[in-house]
Amino acid sequence: MSLQQHAETLKTEAMAALAAADTTQALQDLRVHYLGKKGALTELMKQLGTLSAEERKTAGAALNLVKDDVGAALDARQSALEAAELNARLITEKLDMTLPAQAVMPGRIHPISQTMDEVISIFASMGFVLAEGPDVETDWHNFTALNMPPDHPARQMQDTFYMPGDGATGDGEKIVLRTHTSPVQVRTMQAQKAPLRIICPGRVYRCDSDQTHSPMFHQVEGLVIDEATTMAHLKGCLVDFLRAFFGIPDLPARFRPSYFPFVEPGAEMDIGCARQGGQLKLGNHGDWLEILGCGMVHPDVLKNCGIDPEQYQGFAFGMGIDRIAMLKYGIPDIRSFFEGDTRWLQHYGFAPHLLPNAAFDVRV
Ligand code: PHE
């Protein structure tokens, strides 16, 4: 068989094969098989060298023609198959917009932030406004203005971190990390005078560390100053708040006399609970759990802040945010709040769209 005849046979064979190829991949294999470096037609071309010059001319022209024809047929079939494959994908891969969203993990709101927002929302619905103060306080704001002069024994209960030197004041006054949020009472009374109704959440610091104490923790302070504010307002306000916050409409509460130098009278508030095998359950179960400190603002504190105690009086309270968050959300160890474990946050954290708003019904 001459080279031309051989080429024609290959062409017929190739044309049938490529018409039968039904994928672009199968077509690519055929291209390699006939036109590749070691392809059948390429091998024939190599044999042209064995012919005489005259024969090589006609055979070469014929072989080139076959090669071009097969190449063109391959290209045409390629376009057709590509179009078909694209159409098939368009039909099978269309997006179903009615499917639920994929569960991507957005950031979580830390339970402390969530609890702060809940507390703020509830008090906001009772007409309180937000106030804030610095974590690094003067000794005067943290202690002295609150009836705790330098040698007062009550300072012992709130041993804190004293800063070296006298900080920015330059007047020999000590600088401390605040031991409670009560200095915000002082700052707000000085700056805004009376009447006042404020809620102040924030970080506080004490020399304490175990499963229920962290050297840095959070408190929320409340202060109401007006011309006819009484202990009855204090009680009603705090009972309403705790019932709304814990979502227990009949949560029992009681007030025990207690001592804080900056209030008179002073009290500690307990709420009803049950203790069963190390588990704590809130509600009307006969047992009591201490939850916060409170009292009527001491007249000397009002004077220290430039408010006339003959005209104004009011109440204040302070409670641990970490503590009420642990109680509400069943978190056993205070230290876990500050370990930064993202798996913990996935479990105990809140979805961003669950941010509380001021729509709480305080009279649950
Ligand atoms: N500041 C007090 C504490 O940290 C709590 C408190 C606040 C008590 C306001 C009475 C009034 O223990």
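Some notes on this structure:
- At q = 0.21 Å⁻¹, base-10 log of I(q)/I(0) for region 248-364 (Debye sum, equal scatterers on each alpha carbon): -1.19
- Square roots of five times the Cα gyration tensor eigenvalues for region 111-360, Å: 29, 23, 18
- Each of Ala7, Ile122, Ala244 was placed along the dipole of the chain (beta-carbon charges, centred on the mean Cα), and the one lying farthest toward the positive end is Ala7.
- Sequence-distant residues sharing a close amide H with Thr229 (under 5 Å, placed H): Gln313
- Value of [θ]222 nm, deg cm²/dmol, for the chain, DSSP H segments ≥ 4, -39500 (n - 2.57) each, nearest 500: -12500 deg cm²/dmol
- Building the convex hull from the alpha-carbon atoms of region 3-92 and averaging its projection over directions returns 5.6 nm².
- Ignoring lysines fewer than eight residues from Lys193 along the same chain, the ones with Cα atoms less than 24 angstrom from its Cα are Lys235, Lys303.
- Loop trypsin sites (Lys or Arg not before Pro), region 30-102, which have at most 11 other Cβ atoms in a 10 Å radius of their Cβ (DSSP): Lys37, Lys38, Lys94
- Kirkwood estimate for region 1-157, i.e. one over the average of 1/r between Cα atoms, Å: 24.2 Å
- Under 15 Å from Lys174, Cα to Cα: aspartates and glutamates that are on another chain or at least 8 residues apart: Asp135, Glu137, Asp139, Asp151, Asp159, Asp166
- Under Karplus coefficients 6.51, -1.76 and 1.60, residue-wise ³J(HN,Hα) of region 233-246 in Hz, glycine/proline x: 5, 4, 5, x, 4, 6, 5, 4, 4, 5, 5, 5, 5, 8
- One equal scatterer on each Cα of region 38-88, no solvent, Debye formula: the resulting log10 I(q)/I(0) at q = 0.22 Å⁻¹ is -0.79.
- Distant-in-sequence amide H partners of His218 (H built 1.01 Å from N, under 5 Å): Val204, Ile321, Asp322
- Build a GNM of the chain with springs between Cα atoms under 10 Å apart, and of Gly71, Gly318, Gly247 the one that fluctuates most is Gly71.
Each value in this text was obtained by applying a stated rule to the coordinates, not by laboratory testing. This is a predicted model, so every value here is computed, not measured. Glycine gets a Cβ as well: all are built from the backbone with ideal geometry, and neighbour counts include every protein chain shown.
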